[in-house]
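Throughout, read-outs are computed from the coordinates displayed, never taken from laboratory work. Just so you know, these numbers come straight off a predicted model, no measurement behind them. Reconstructed Cβ throughout: ideal geometry from the backbone, glycine too, with neighbour counts over all protein chains shown.
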């Protein structure tokens, strides 16, 4: 079974969210090289703050933090983030998710 993680990024402004959507499109292939699968990326109407949601998974045998650290220190990540002010990301929340027995994603 895979290990799932919901990642929620809170951005400083709607403009920063729009820019970060483009960054996430670049992240998907680079993350795959580091054994992180992206299942979906979403935005929602900003009630309190602009947010981007990403559902990713790791193989069961992988250490999630090790895989994430490997990607964050990679040339792919640095290239993806080039020209984007990281200060536009106000918060990142990570939640581990456990699929139910009936879940199509297991």
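The table below gives the values:
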| read-out | value |
| --- | --- |
| FRET efficiency for residue 42 and residue 73, using Cβ-Cβ distance with R0 set to 41 Å, rounded to 0.05 | 0.95 |
| Where the Cα pairs of segment 1-44 fall when distances are cut into 10 Å bins, in % | 23, 53, 22, 2 |
| Rounded FRET efficiency, nearest 0.05, which uses the C-beta distance separating residue 1 from residue 66 and R0 of 25 Å | 0.85 |
| Separation of alpha-carbon centers, segment 8-50 and segment 59-74, rounded to whole Å | 18 Å |
| Distance (nanometres) between label positions extended 7 Å along Cα→Cβ at residue 19 and residue 92 | 1.7 nm |
